[in-house]
1. Checking residue 231 against (1) loosely packed, with under 15 Cβ neighbours inside 10 Å; (2) under 27 Å from the mean Cα position of the chain (by Cα); (3) over 19 Å from residue 13 (Cβ atoms): exactly one of these is not met. Which one?
2. In the stretch 238-276, how many residues are closer than 24 Å to residue 99 by Cβ and small (Gly, Ala, Ser)?
3. Where in the stretch 49-106 are there strands (runs of 3 or more DSSP E), lying fully within it, with 3 or more residues that are among the aliphatic types (A, V, I, L, M) and either assigned by TED's automatic domain parsing to the domain that holds residue 267 or under 30 Å from residue 183 (Cα atoms) (or both)?
4. For the stretch 502-514, indicate whether the set of residues that are at pLDDT below 95 and in the same structural domain as residue 548 (by TED's automatic domain parsing) is non-empty.
5. Taking residue 304 as the residue in question, decide whether it is among the basic types (Lys, Arg) and outside the structural domain of residue 416 (by TED's automatic domain parsing).
6. State whether one or more residues within the stretch 415-433 are touching a Phe, Trp or Tyr at 6+ places or on another chain (Cβ under 7 Å) and either closer than 24 Å to residue 196 by Cα or part of a loop (DSSP other than H, G, I, E, B) (or both).
Amino acid sequence: MTQPFRVVVIGGVAAGPKIASKVRRLRPDAEVTVIEKSEVISYAGCGLPYYIAGVVREQKELLATPAGAVRDPAFFLNVKNVMVHNRTEALEIDRKNKRVRVRSLADGQERWIEYDKLALATGARANRPRIPGADLPNVFTLKTVADAEALKQLVEQKKAADIVIVGGGLIGLELAEAFVGKGVGVTMIEMLDQILAPLDREMALLVEKYVAQKGVRVLTGTTASAIERGENDRLQVILAGAPIPCDAVVFAVGIRPNVELAQAAGLEIGPTGAIRVDDHLRTSDPDLYAAGDCVEVVNLVTGKPAYVPLGSTSNKQGRVVAVNLCGGDERFPGVVGSTVCKVFDYTVGWTGLSEGEARKLGYDAVSCLVPGPDKAHYFPGKKMLMLKLVADRATGRLLGLQAIGPGDAAKRLDVAATAITAGMTVDEVSQLDLTYAPPYSGALDNLITAANVTKNKIAGHMDGLSPLELARRLDAGEYEDMVLLDVRTPGEFESGHLRHAVHIPLGALRQRAGELPRNKEIIVYCGSSLRAYEGALILRAAGCEHVKVLDGSIAMWPYGLVK
């Protein structure tokens, strides 16, 4: 009797079940075994903050198929004909004899499982800083269903009035929303000088300003050095300044790939600390594949290794691994780093390179800040969307897009991700035949407007100044060397304006341009930069040589205003 094609998959959360299910579809004769250390398998990890918030009402919703069937070992056996050994730990890979040593966590029994092809989907674990008190009760991370359940019970049973979140990334912000929605006071501590490190600083400051308005206390440039028991058996987070009393602490400081098993087996680990794979997701052993949060990928913009763990990537990679270990020929080329998250009523996302990253890589980066409604300006229900587009000045190639605001950011980010992957220029992006109707966008979509603004900058028709640079110059007292010109209406000006600003409404600027000095730099701003650009053109025509537009104007000014 012919021996069946034996596939063993180590890891049963995202990529692992995808590999196993696809292998069974491609090779009905295969014998497929999944090894998973945890009891719960194939769960939607990205949904955990929403389970804590109560948006996802029952835990089983995170474990179920779209049809409502819970993906447990019985489901995989009966529906997929895949044998899942949960609560089973993979201890050793014997590559020479093509077998895996496993141990049951239920009874401690060990045994060997043989394979023809092996796939590693060992995922990642949450980082827990090595500081005193990190292992105290009520100090959490969020990576598993059990983590989420513990946090959900804590807030729903009113056992936590104040929580400190250490880390200002995606998970930290999603948890902040969940906790605030449950009436919990939240302090967020971030070691860097901004939250959401992948964003450029001016965009991150806008998000920080917004979450502060929602009641989250944000402390950037701050490090937690220890956690201690304080008064009334509460915790306190020790900082350089005064300690912060709280009822619980959540570390949301990223994740680390689980590579110990691969490393012990002699597989190559890449510079990111994750498993190195080729474009077919083969490891350094041709009979071993790897996918998901344990592997590094290629950044398609830079061509360099990157670690970008996402559920979407894990599922795509799982399919590629299954096809290839069954004898197919499918590639996983890499990613452009597309990320999106919900932060209260804002969508926050990015794709490609930030301006800071682009400059570090040697690009002559040009960027623009473009705020505007996500629908036609006259259509009910329009919402503000703030974009930052980054391009290469020399070639016009689109390098990155960042988007924040209550408007529809996801579709603009998806279009930009497609354009970046295709190597398109801002000229090409500006001519994309995107769908248009007033309920969905303006006649020129926000992304196309951003591409046009960038084209104007590259062509020299517009000279912009970032809000960060203007703030620096104002703080340095350089306002004597410039004219800060507000071209909005009197009512808009009185509602709040930049300090040291001169007010001349756009409709009066042609007649009053002579009032402005010719020997000073003039920086024009309005509500969203559109009128400011018109004003700059008027001033240039009137003989003013040193005219700039404040990028993003008031809509994207991340600091305070004066009245």
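1. It is condition (2) that residue 231 fails.
2. Total satisfying the criteria: 4.
3. Per the criteria, 88-94.
4. yes
5. yes
6. Among the residues of the stretch 415-433, not one is touching a Phe, Trp or Tyr at 6+ places or on another chain (Cβ under 7 Å) and either closer than 24 Å to residue 196 by Cα or part of a loop (DSSP other than H, G, I, E, B) (or both), which makes the answer no.
Residue-by-condition table, conditions (1) part of a loop (DSSP other than H, G, I, E, B); (2) of a type in the set (Asp, Glu); (3) farther than 18 Å from residue 7 by Cα:
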| residue | (1), (2), (3) |
| --- | --- |
| 256 | no, no, yes |
| 262 | no, no, no |
| 267 | yes, no, yes |
| 277 | yes, no, yes |
| 289 | no, no, no |
| 298 | no, no, yes |
| 303 | yes, no, yes |
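Residues checked against (1) touching a Gly at 6+ places or on another chain (Cβ under 7 Å); (2) modelled with pLDDT under 95; (3) closer than 19 Å to residue 424 by Cβ:
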site: 295; (1), (2), (3): no, no, no
site: 300; (1), (2), (3): yes, no, yes
site: 303; (1), (2), (3): no, no, yes
site: 315; (1), (2), (3): no, no, no
site: 325; (1), (2), (3): no, no, no
site: 333; (1), (2), (3): no, no, yes
site: 351; (1), (2), (3): yes, no, yes
site: 356; (1), (2), (3): no, no, no
site: 361; (1), (2), (3): no, no, yes
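The values are calculated or read from the model by the stated rules, or taken from the named source; none is laboratory data. Source: prediction; values computed, not measured. Every residue, glycine among them, receives a Cβ derived from its backbone with ideal geometry; neighbour counts consider all protein chains shown.
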